[in-house]
Amino acid sequence: MKIYTLHSKQNLPISIDEAWKFLSDPKNLKVITPIYMGFKTLSGDDRAMFAGQIIQYIVTPVFGIPMKWVTEITHVKDNSYFVDEQRFGPYSLWHHKHFLREIPGGVEMEDIVDYKIPMGIIGQLVHPILVAPKLKEIFDFRRKKLIELFGEFKG
């Protein structure tokens with residue numbers, strides 16, 4: 001069983017309160033997701049983030065095929081971190097930790113995603129060709145969108 005990890009850090013020139021307000025609002029996930037993914041929230045984005053919250057989405061990650069993705073917010077510490085875990089969707093495992101830390105001149109945003117691809121050896125063969133590049137593309141888009149929204153960190 002191969003578990004992959006994606007690790008990303010980005011500094012933003014905003015307060016931790018502003019970063020938390022934006023990043024912990026499930027409605028903003030659509031804003032920082034590439035348009036071609038057809039991201040749409042079906043339910044669970046109607047209140048502030050809390051542990052136990054179930055959020056249902058439709059995404060179209062590859063070949064224009066829509067799929068349902070259900071995540072649970074399992075841990076929340078305001079202005080510090082939250083964790084979302086897939087309950088139903090394309091991965092055998094999806095555990096995404098979002099950390100925020102105040103730094104001089106802004107905030108550091110850190111993501112650590114541990115994930116497993118289904119289909120055993122076939123999934124492992126497809127990972128470097130399709131999955132890893134797609135995740136990199138999504139996180140690169142998010143990085144650029146956050147700079148567009150909040151400005152570039154000059155620290």
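The values are calculated or read from the model by the stated rules, or taken from the named source; none is laboratory data. Quick caveat, the model's predicted, so the values are computed rather than measured. In this analysis, Cβ positions are derived from the backbone assuming ideal geometry, glycine residues included, and neighbour counts consider all displayed protein chains. Keep in mind that these areas ignore ligands, DNA and RNA; they rest on the heavy atoms of the full protein, side chains included. Shrake-Rupley method; radii C 1.70, N 1.55, O 1.52, S 1.80 Å.
Quick look at the numbers
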read-out: Longest site-free stretch - the chain; sites: chymotrypsin sites (Phe, Trp or Tyr not before Pro), DSSP loop, at most 14 other Cβ within 10 Å; value: 64-155
read-out: In order through the stretch 14-26: 3J(HN,Hα) via Karplus (6.51 cos²θ - 1.76 cosθ + 1.60), integer Hz, x for Gly, Pro; value: 9, 6, 5, 5, 5, 4, 4, 4, 6, 6, 8, 8, x
read-out: In Å², nearest 10: area of ASP140 left accessible to a 1.4 Å probe; value: 50
read-out: Computed [θ] at 222 nm, helices only, for the chain once each DSSP H run of length n ≥ 4 contributes -39500 (n - 2.57); value: -6500 deg cm²/dmol
read-out: Surface accessible to a 1.4 Å probe, per residue, for the residues of the stretch 88-130, Å²; value: 52
read-out: Label point distance in nm, ASP17-ILE121, each placed 7 Å from Cα along Cα→Cβ; value: 5.7
read-out: Among ARG101, ARG47, ARG87: highest mean-square fluctuation, GNM of the chain, C-alpha pairs under 10 Å; value: ARG47
read-out: Net lengthening on full extension, ASN28/PHE63 (0.36 nm per residue, minus Cα-Cα); value: 10.2 nm
read-out: Hits among lysines - C-alpha to C-alpha of LYS68 under 20 Å, sequence gap 8 or more where chains match; value: LYS27, LYS30, LYS40, LYS116, LYS134
read-out: Protein accessible area in the stretch 7-82, 1.4 Å probe - carbon and sulfur %; value: 57
read-out: Acute angle (nearest 10 degrees) that the helix 132-150 long axis makes with the longest principal axis of the chain, alpha-carbon atoms; value: 20
read-out: Translational D in µm²/s for the chain (Stokes-Einstein at 25 °C, 0.890 mPa s, Kirkwood Rh from C-alpha pairs); value: 151
read-out: The chain - charge dipole about Cα centre, Lys and Arg +1 at Cβ, Asp and Glu -1, debye rounded to 20; value: 440
read-out: Amide N of the stretch 88-130 lying under 13 Å from the label point, which is placed 7 angstrom from the Cα of VAL70 along Cα→Cβ; value: 88-90
read-out: Computed lengthening from ALA51 to ILE3, 0.36 nm per intervening residue step minus Cα-Cα distance; value: 14.8 nm
